[in-house]
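In what follows, a structure is listed as structure tokens, so that the remarks can point back to it.
The values are calculated or read from the model by the stated rules, or taken from the named source; none is laboratory data. Worth saying up front: this structure is predicted, and the values here are computed from it rather than measured. Backbone-built Cβ (ideal geometry, glycine too); neighbour counts: all protein chains shown. Areas reflect the complete protein model, heavy atoms only, side chains present, ligands, DNA and RNA absent. Shrake-Rupley method; radii C 1.70, N 1.55, O 1.52, S 1.80 Å.
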Amino acid sequence: MDIPWEERGWERLSPRAGRCRLPGWDATAGLVAGDTGVLLYDTGSTPREGAALRADVAALLGPGRPVTHVALSHPHFDHVLGTAAFAEAEVYGAVGVAELLARSGGALYEDAVREGVDAAEAAEARDALVLPGHGVSGELTLDLGDARVLLANVGPGHTAHDLALLVPAGEGAAPVLFCGDLVEESGEPQAGPDAITARWPASLDRLLALGGEDAVYVPGHGAVVDAAFVRAQRDALAVRFGVSL
């Protein structure tokens with residue numbers, strides 16, 4: 001499959017997977033394209049940003065191959081508020097995240113506005129908030145046709161509901177592991193009031209066990225990294241939060 005990722009500002013990570021770095025907060029949106037299914041990992045910070053991602057997918061894959069699955073890495077505004085643009089998709093999150101989002105629309109709106117999202121756009125996103133219909137506890141394999149991917153509930157850490165996406169090795173490519181904000185490259189990992197800091201280092205151990213030494217690790221913000229970076233960030237988090245490894 002010869003998809004012109006770079007022409008749309010996307011970074012191709014394997015024959016089936018790629019990602020873009022969204023403007024504003026440098027958040028990752030990931031894409032995995034199988035022949036019968038297409039998965040998007042995170043949807044951006046507003047319905048407008050979600051619609052732009054939808055247009056990108058149509059340009060990359062053709063209008064007959066829409067997003068069929070959405071996986072949300074964690075319940076923060078810059079990763080979930082574009083989901084309404086994918087009304088036909090099955091939406092997945094870590095178990096419990098749907099219930100959290102159902103009672104957090106106001107907080108997501110306030111966070112978005114505080115971080116610079118236009119108030120009217122943030123209100124539209126709040127009112128159109130999509131809740132995951134599928135909660136992932138442990139691991140879940142999704143069949144996209146000629147591509148199979150693994151959703152893994154690897155938290156808690158950055159939040160109480162952290163979901164990773166593993167695209168296994170294949171076609172001569174290394175595994176690709178989308179980490180959400182458990183891993184950040186463009187700055188120090190952000191620990192808000194919903195972070196479970198005592199268990200964050202262990203969640204990075206789970207990521208390393210999933211991806212192994214050869215995986216491409218895709219952080220929630222910033223450039224792709226390797227296992228050594230994830231291991232070093234785990235060690236730094238342990239020191240920062242007083243956690244014994």
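Looking for whichever is over 19 Å from residue 101 (Cα atoms) and not small (Gly, Ala, Ser) here; the options are 115, 139, 124. Which one fits?
The conditions single out 139.
Among the numbered criteria (1) touching a residue at least 60 places away in the same chain (Cβ under 8 Å); (2) of a type in the set (Val, Ile, Thr); (3) open to solvent by 30 Å² or more (accessible area, probe 1.4 Å), which one does residue 243 miss?
So the condition that residue 243 fails would be (1).
Would you point out the residue of the range 70-119, among those that are open to solvent by less than 20 Å² (accessible area, probe 1.4 Å) and β-branched (Val, Ile, Thr), that is nearest to residue 25 (Cα to Cα)?
Looking at residues that are open to solvent by less than 20 Å² (accessible area, probe 1.4 Å) and β-branched (Val, Ile, Thr), I get 117.
What is the one condition in (1) open to solvent by 40 Å² or more (accessible area, probe 1.4 Å); (2) in contact (Cβ under 8 Å) with a residue 60 or more places away in the chain; (3) in a loop (DSSP other than H, G, I, E, B) that residue 124 does not satisfy?
(3) is the only condition that residue 124 fails.
With the structure loaded, tell me whether residue 228 is more than 22 Å from residue 108 (Cβ to Cβ), free of Cβ contacts under 8 Å to residues at least 12 places away in the same chain and either surrounded by fewer than 19 Cβ atoms within 10 Å (Cβ to Cβ) or among the hydrophobic types (A, V, I, L, M, F, W, C) (or both) or whether it fails that test. Talk me through it step by step, then tell me what you get.
Values: more than 22 Å from residue 108 (Cβ to Cβ): yes; free of Cβ contacts under 8 Å to residues at least 12 places away in the same chain: yes; either surrounded by fewer than 19 Cβ atoms within 10 Å (Cβ to Cβ) or among the hydrophobic types (A, V, I, L, M, F, W, C) (or both): yes.
So residue 228 passes the test.
Condition check ((1) crowded, with 17+ Cβ neighbours inside 10 Å; (2) at positive phi) across all residues:
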residue	(1), (2)
153	yes, no
156	yes, no
161	yes, no
167	yes, no
171	no, yes
174	yes, no
182	yes, no
185	yes, no
188	no, no
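Confirm whether residue 52 is closer than 22 Å to residue 33 by Cα, under 16 Å from the mean Cα position of the chain (by Cα), at pLDDT 95 or above and crowded, with 17+ Cβ neighbours inside 10 Å.
no
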